[in-house]
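The block underneath contains the structure these notes are about, expressed in structure tokens.
The values are calculated or read from the model by the stated rules, or taken from the named source; none is laboratory data. In this text, all values refer to a predicted model and were calculated from it rather than measured experimentally. For neighbour counting, all protein chains shown are included, and Cβ atoms are generated from backbone atoms with ideal geometry for every residue, glycine included.
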Amino acid sequence: MMDFENEGKLSADLDGMATTPNGSEPFDCLHGDIPSTKDLFKNVPTERYKVIIPVLVACGLLCLGTLVVFVYNFTTIWRNVVCKSRRLRLLVLCATYSVFSVASLTGIFVPRAELLVDFMAATYLSFALYQLFFLLVGYYGGEHNLLNTLSKEPVRVNRMPLTCCMPCLPHIQLTRKNYTLIKLGALQIVVIRPLDMFISSVLLINGTFVAGVVRADA
């Protein structure tokens with residue numbers, strides 16, 4: 001008897017949650033019912049505006065702060081870095097925080113654009129990481145100087161943050177073959193990460209994949 005009473009209370013609670021305080025149907029974002037910007041703010045309870053508005057203003061100010069920092073770094077790098085290729089790579093890296101800030105803020109105010117901005121941000125991050133690899137090579141004066149400098153002593157593999165707990169890993173001697181493998185390892189993130197985000201976006205739009213939900217029948 002108690003089980004039936006509990007089930008009845010649960011059903012009543014769910015029925016009460018089926019509508020928002022203004023009487024409209026809620027959005028089931030978990031299963032692809034993503035609201036537009038107008039509908040999102042229309043369904044926000046009036047008493048929660050006192051909390052939501054300051055949070056959104058704070059997010060906007062933080063995003064603006066990252067843009068100001070980028071503009072400052074842009075002018076500093078443009079004036080002081082003479083090498084054109086190094087200058088462009090530094091600017092790409094400095095813009096990473098601003099790109100993610102703008103993408104995140106866009107996803108907050110325009111929920112239906114979340115998949116697009118996430119894909120663009122992930123693609124930019126992959127490109128920036130690849131530019132970081134060539135920037136480090138450029139600091140050594142090119143691939144030839146890099147190999148001549150680092151091939152004189154063994155290179156430790158057990159580095160922070162993942163492999164530092166594996167002291168048994170051997171030290172490797174940097175050769176042309178090892179350098180090519182490291183270069184391909186940096187290149188794979190440029191291809192695999194955007195491809196993974198693209199496939200995930202397609203599956204999310206199709207309803208085949210739900211982020212954060214793992215089921216045996218999925």
Next item on the list: From VAL137, VAL157, grab the single residue that is touching a His at 6+ places or on another chain (Cβ under 8 Å) and of a type in the set (A, V, I, L, M, F, W, C).
Entry: VAL157
Notebook entry, point to check: What about PHE209, is it farther than 20 Å from LEU135 by Cβ, surrounded by 11 or more Cβ atoms within 10 Å (Cβ to Cβ), modelled with pLDDT of 80 or more and among the aromatic types (Phe, Trp, Tyr)?
Noted result: no
